[in-house]
Amino acid sequence: MKIGREDFEALIKGEKTIAPYIELDCLAGSYSVFGVRTAGNPNYLIRAIYEMYEANLNKKLAIKAVRKLFRSVGQGSVGLNNLLKKLGMDLTPSEFLVLVFRLQHQQGWGAPFELVEAGEKRIVLRTKHTFESEVLKDWNMPVCGIHQGWIEGVLKAVTGKTWFCLEKTCHAKGDEYCEFVCDQVEPSWKFKAEAVVKGESAITEFIEHKPLEGKIQLIDEPVVMMPRFIFTSMTTSLKKTMGEAPASGVNYRAYMDMGKENVEHYKKMGITNPRTLSDMAFTFYSQMGWFNVIKEEWDEGTKTKMITLSHTVESESFGSTGKNVCFCTAGLLAGIIEGSFGIRVQAKEIKCKSKGDEHCVFTITNKPS
Ligand SMILES: [Zn+2]
Ligand SMILES: [Zn+2]
């Protein structure tokens, strides 16, 4: 059944529903609306998507991953937007958003939104609940990543600009409404990198992996994946050519320079706060699999910073050796702190997993100039 301008106008006014446009052929296993194949919204699929991400992330980050996935779904609405334009209908972004969700809602998907605010750079929508807030009620937190991503994608599709959608209140958390505040933002890595440090994003959101082209980028910076045994392999090779002590010194120095350069790269993103710079580097290296930060302590008496790490890349790579092995990691920590705070420091590993300690512990002290 063909749909025309009058039909859309009637749908927008609420005088009509999509019922006449639904074609359900159970034997053929096809269900379409306006000639586009669609499907119901099985609750178990929604839960499965969230739980797939939750298996490797915490709940908060899993919701962000779902949101990213549904951004691409929202971008698909560009087709509907073009059709409306062809029909001579010029809707504002917020009117279009409400229409998209009305059509989806009548198919058992999206939420029936009401507009709270419709500005040029800010749109606020709310609904009593969404399907994900019902399915994931037991998470007891704002869970509507599907709608957040979907809204962001729709707004990007019709405005060509980047939008950031925040769920202020959520039915799954016990609030009266799921309320979404959407702001048009300048796409900025600074903003994204800071979200990683705050634990609101994981670096997986910003990895662009093109395996068939042999390329990986992390926040616009080319990166490579390496096998972890490169640490034993390189160190063994250095030891053979120059002896153990000089090899450790070379590793320390090389990774210190790398840590410093890495911080310089963050500074180019516009990040200037020293604490943010060092937190960012620790968080990024941790999320890249180099180590996990157990704790950081400060001893005022000796002016010493102590950093405790679990599973450093070197201790894992070397295994049990009876001595300290984390010279690269020590250098990296020193480089990060020197680069971030503009001071000169010395990092020393005082406990090591490879030596039989529970964790690797490093002291950072000022280097007398
Ligand atoms: Zn919600
Ligand atoms: Zn160690």
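Of note:
- If you check ILE12, ILE49 for being assigned by TED's automatic domain parsing to the domain that holds VAL66, modelled with pLDDT of 85 or more and under 38 Å from the mean Cα position of the chain (by Cα), only one passes: ILE49.
- For the range 135-144, filtered to residues that are open to solvent by less than 60 Å² (accessible area, probe 1.4 Å) and at pLDDT 95 or above, the residue that is farthest from GLU114 (Cα to Cα) is TRP139.
- Residues in the range 145-200 that are open to solvent by 50 Å² or more (accessible area, probe 1.4 Å) and under 24 Å from LEU80 (Cα atoms): LYS156, GLY160, LYS161, PHE164.
- Neighbours by Cβ (under 6 Å, 6+ apart or cross-chain): first from the range 93-106, farther than 19 Å from THR162 by Cα; second of a type outside the set (A, V, I, L, M) and open to solvent by less than 10 Å² (accessible area, probe 1.4 Å): PHE101/GLY110; GLN104/GLY110
- The helices (runs of 4 or more DSSP H) falling completely within the range 212-328 that include 3 or more residues that are farther than 25 Å from GLY199 by Cβ map to 230-242, 244-268, 313-318.
- Some residue of the range 195-203 being in contact with a strand residue (DSSP E or B) (Cβ under 7 Å, 6 or more places away or on another chain) and modelled with pLDDT of 95 or more: no
For (1) more than 22 Å from GLU9 (Cα to Cα); (2) surrounded by fewer than 21 Cβ atoms within 10 Å (Cβ to Cβ); (3) out of contact with any His (no Cβ under 8 Å at 6 or more places or on another chain), each residue gets a yes or a no:
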residue: LYS68; (1), (2), (3): yes, yes, yes
residue: VAL73; (1), (2), (3): yes, yes, yes
residue: ASN81; (1), (2), (3): no, yes, yes
residue: MET89; (1), (2), (3): no, yes, yes
residue: PHE96; (1), (2), (3): no, no, yes
residue: ARG102; (1), (2), (3): no, yes, yes
residue: PHE113; (1), (2), (3): no, no, yes
residue: GLU120; (1), (2), (3): yes, yes, yes
residue: SER133; (1), (2), (3): yes, no, no
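- Residue check for ASN262: touching a Phe, Trp or Tyr at 6+ places or on another chain (Cβ under 9 Å) and of a type outside the set (Lys, Arg): yes
For (1) more than 30 Å from ASN140 (Cα to Cα); (2) touching a residue at least 60 places away in the same chain (Cβ under 8 Å); (3) open to solvent by 80 Å² or more (accessible area, probe 1.4 Å), each residue gets a yes or a no:
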{"site": "LYS13", "(1), (2), (3)": "yes, no, yes"}
{"site": "CYS26", "(1), (2), (3)": "yes, no, yes"}
{"site": "SER30", "(1), (2), (3)": "yes, no, no"}
{"site": "ALA39", "(1), (2), (3)": "no, no, no"}
{"site": "PRO42", "(1), (2), (3)": "no, no, no"}
{"site": "LEU84", "(1), (2), (3)": "yes, yes, no"}
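- The single condition from (1) within 18 Å of SER201 (Cβ to Cβ); (2) surrounded by fewer than 18 Cβ atoms within 10 Å (Cβ to Cβ) that GLU51 fails is (1).
- Filtered residues of the range 46-90 (kept if aliphatic (A, V, I, L, M), in a helix (DSSP H, G or I) and farther than 21 Å from GLU152 by Cβ): ALA48, LEU83
- Residues in the range 274-284 that are in contact with a Ser or Thr (Cβ under 9 Å, 6 or more places away or on another chain) and open to solvent by 10 Å² or more (accessible area, probe 1.4 Å): PRO274, ARG275, THR276, ASP279.
- Residue check: SER354 meets all listed conditions (1) touching a residue at least 12 places away in the same chain (Cβ under 8 Å); (2) open to solvent by 10 Å² or more (accessible area, probe 1.4 Å); (3) small (Gly, Ala, Ser) but one, namely (2).
- Among the candidates LEU84, LEU97, LEU61, residue that is over 27 Å from the mean Cα position of the chain (by Cα) and assigned by TED's automatic domain parsing to the domain that holds GLU179: LEU84
- Residue within the range 362-369 that is touching a residue at least 24 places away in the same chain (Cβ under 8 Å), out of contact with any Phe, Trp or Tyr (no Cβ under 9 Å at 6 or more places or on another chain), open to solvent by 70 Å² or more (accessible area, probe 1.4 Å) and assigned to a strand (DSSP E or B) present: yes
- Residue match in the range 329-337 (condition: modelled with pLDDT of 95 or more, more than 16 Å from ligand 1 (Cβ to nearest atom) and open to solvent by 50 Å² or more (accessible area, probe 1.4 Å)): no
The values are calculated or read from the model by the stated rules, or taken from the named source; none is laboratory data. Here the structure is a predicted model, which means the values were calculated and not measured. Reconstructed Cβ throughout: ideal geometry from the backbone, glycine too, with neighbour counts over all protein chains shown. Note: areas computed on protein heavy atoms with side chains; ligands, DNA, RNA excluded. Shrake-Rupley method; radii C 1.70, N 1.55, O 1.52, S 1.80 Å.
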